[in-house]
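J.: Input: one structure, supplied below.
Bear in mind that the values in this text are calculations on the coordinates, not laboratory data. Here the structure is a predicted model, which means the values were calculated and not measured. Here the Cβ positions follow ideal geometry from the backbone for every residue, glycine too, while neighbour counts run over all protein chains shown.
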Amino acid sequence: MSRFFSDKYASLIPYTPGEQPKDTKYIKLNTNESPYPPSPATVKAAAEEAGKCELYSDPECTLLSEKAAEYFGVERENIILTNGSDEVLNFAFMAFSDQDHPMAFADITYGFYSVFAQLNHIPYRIIKLNDDMTLNVSDYTKATENIVIANPNAPTGIALPLSDIERIVASNPYRVVIVDEAYIDFGGESAHTLIKKYDNLLVTQTFSKSRSLAGARLGIGLGCAQLIADLNTVKYSTNPYNVNRMTAAAGYAALCDDSYYKANAKEIEKNREYLQASLRSLGFVCTQSSANFVFAKSEQIGGETLYLKLKEKGILVRHFAGERIKEYNRITVGTREQCEELISAITEILKEQSI
Ligand SMILES: *Cc1c(COP(=O)(O)O)cnc(C)c1O
């Protein structure tokens, strides 16, 4: 820390992203990226736009937001596009919460929520998940704070049905409910269909997971026009050109190529079922995942030990040190071949353990 670092950030502990090794020797199953590249049309659209980079991007993302409005069946005024969905989440914390309007979220969920709260000096209450890591809906129907829920949750992958999300939104008319749907395309039910009915609902999605654009950084917020206007006030006060030209073009092309990405998501769902079944037959316990990752632990090997031994064998998974989840690893679902390599590596590791 320099002599100049403001006291207001002195105790801030930043989010720790998953490892991004510079060599390619790892099978990378640690940050929930897609194992598939963007579609050829997506890549072409981004490349064409690169030649126009002397000009600023369109701060309104007109073409992309029109396309997204059509895609989601809403109006343009219901949409904001951002630099990854992390940005729209941060904008929402900034716009709707403060000292007098605290936040609440689960003890086991996306690690960024507590970072955004600390960054913006927002008090927050942690709501414990049930022992089986499911969420108790009634804990959220009588909240006195703004709420953020990842659905499906991370790192458990457990999804709430839309009816439960609606109960939470409907029972908190004086609070903003943010539903983070980063993984919704792998089997969950999106709540964006409710934004016309509830003016306190903000749904966020990302192009990073199901649309193979993690490195392009594109997120989206969906809500009533007033909520979106507030988020735009924050956006235009920080970075009006938050979505660059290449990314906006790639996002547009990705929505046009929906069938390509839907087919990839279906393949990942199939691989997930294969991976969960294989892990269970090796004695692992897995949460019921509706995402592109599985969350698994075994009585036969500690969570951190498995993480380290897999790394030695060239496979990266994500281990979290939190007390309730330290025996687990979060494993991104890759291609069928990657899943098979993972299973054979784990089989070997378990064998070595038992000698
Ligand atoms: C990956 C992820 C995000 C955001 O990812 P971006 O790349 O910033 O769009 C948000 N929430 C959860 C739960 C995630 O796992």
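J.: Considering only the range 274-309, how many residues are in a helix (DSSP H, G or I), of a type in the set (S, T, Y) and touching a residue at least 40 places away in the same chain (Cβ under 8 Å)?
T.: Total meeting the criteria: 2.
J.: For the range 265-276, does any single residue satisfy the condition of being in contact with a Cys (Cβ under 7 Å, 6 or more places away or on another chain), under 26 Å from T42 (Cα atoms) and away from the ligand (no atom under 15 Å from the Cβ)?
T.: Going residue by residue through the range 265-276, those that are in contact with a Cys (Cβ under 7 Å, 6 or more places away or on another chain) are 271, 274-276.
If we keep only those that are under 26 Å from T42 (Cα atoms) as well, we get 271.
Restricting the remaining residues to those that are away from the ligand (no atom under 15 Å from the Cβ) gives 271.
Scanning the range 265-276 turns up at least one residue that is in contact with a Cys (Cβ under 7 Å, 6 or more places away or on another chain), under 26 Å from T42 (Cα atoms) and away from the ligand (no atom under 15 Å from the Cβ).
J.: Okay, next question. Assess whether A92 counts as being touching a strand residue (DSSP E or B) at 6+ places or on another chain (Cβ under 6 Å), assigned to a helix (DSSP H, G or I) and either away from the ligand (no atom under 16 Å from the Cβ) or among the aliphatic types (A, V, I, L, M) (or both).
T.: Details: touching a strand residue (DSSP E or B) at 6+ places or on another chain (Cβ under 6 Å): yes; assigned to a helix (DSSP H, G or I): yes; either away from the ligand (no atom under 16 Å from the Cβ) or among the aliphatic types (A, V, I, L, M) (or both): yes.
When the stated conditions are applied, A92 passes them.
J.: Okay, moving on. In the range 178-219, how many residues are without any contact (Cβ under 8 Å) to a residue 40 or more places away in the chain, among the acidic types (D, E) and farther than 16 Å from V88 by Cα?
T.: If we filter the range 178-219 for residues that are without any contact (Cβ under 8 Å) to a residue 40 or more places away in the chain, which is where we start, we get 179, 181, 184, 189-190, 194, 197-201, 203, 215.
From the residues that got through so far, the ones that are among the acidic types (D, E) too are 181, 189, 199.
With the extra rule that they be farther than 16 Å from V88 by Cα, the set shrinks to 189, 199.
Final tally of qualifying residues: 2.
J.: Determine, yes or no, whether V177 is more than 24 Å from R217 (Cβ to Cβ), within 16 Å of the ligand (Cβ to nearest atom) and either among the aliphatic types (A, V, I, L, M) or surrounded by fewer than 19 Cβ atoms within 10 Å (Cβ to Cβ) (or both).
T.: Numbers: more than 24 Å from R217 (Cβ to Cβ): yes; within 16 Å of the ligand (Cβ to nearest atom): yes; either among the aliphatic types (A, V, I, L, M) or surrounded by fewer than 19 Cβ atoms within 10 Å (Cβ to Cβ) (or both): yes.
Yes.
J.: Does the range 96-112 include one or more residues that are touching a residue at least 24 places away in the same chain (Cβ under 8 Å), within 16 Å of the ligand (Cβ to nearest atom) and of a type in the set (S, T, N, Q)?
T.: Yes, because at least one residue in the range 96-112 is touching a residue at least 24 places away in the same chain (Cβ under 8 Å), within 16 Å of the ligand (Cβ to nearest atom) and of a type in the set (S, T, N, Q).
J.: I'd like to verify a number: residues in the range 199-226 that are more than 15 Å from D180 (Cβ to Cβ), more than 12 Å from the ligand (Cβ to nearest atom) and surrounded by 18 or more Cβ atoms within 10 Å (Cβ to Cβ), how many?
T.: 2
J.: Look through the range 119-151, keep the residues that are charged (D, E, K, R) and in contact with a Pro (Cβ under 7 Å, 6 or more places away or on another chain), and return whichever of them is farthest from F295 (Cα to Cα).
T.: Quick first cut of the range 119-151, residues charged (D, E, K, R) only: 125, 128, 131-132, 139, 142, 145.
From what's left, in contact with a Pro (Cβ under 7 Å, 6 or more places away or on another chain): 125, 145.
On the way: R125: 25, E145: 29 Å.
Once the filter is applied, the top-ranked residue is E145.
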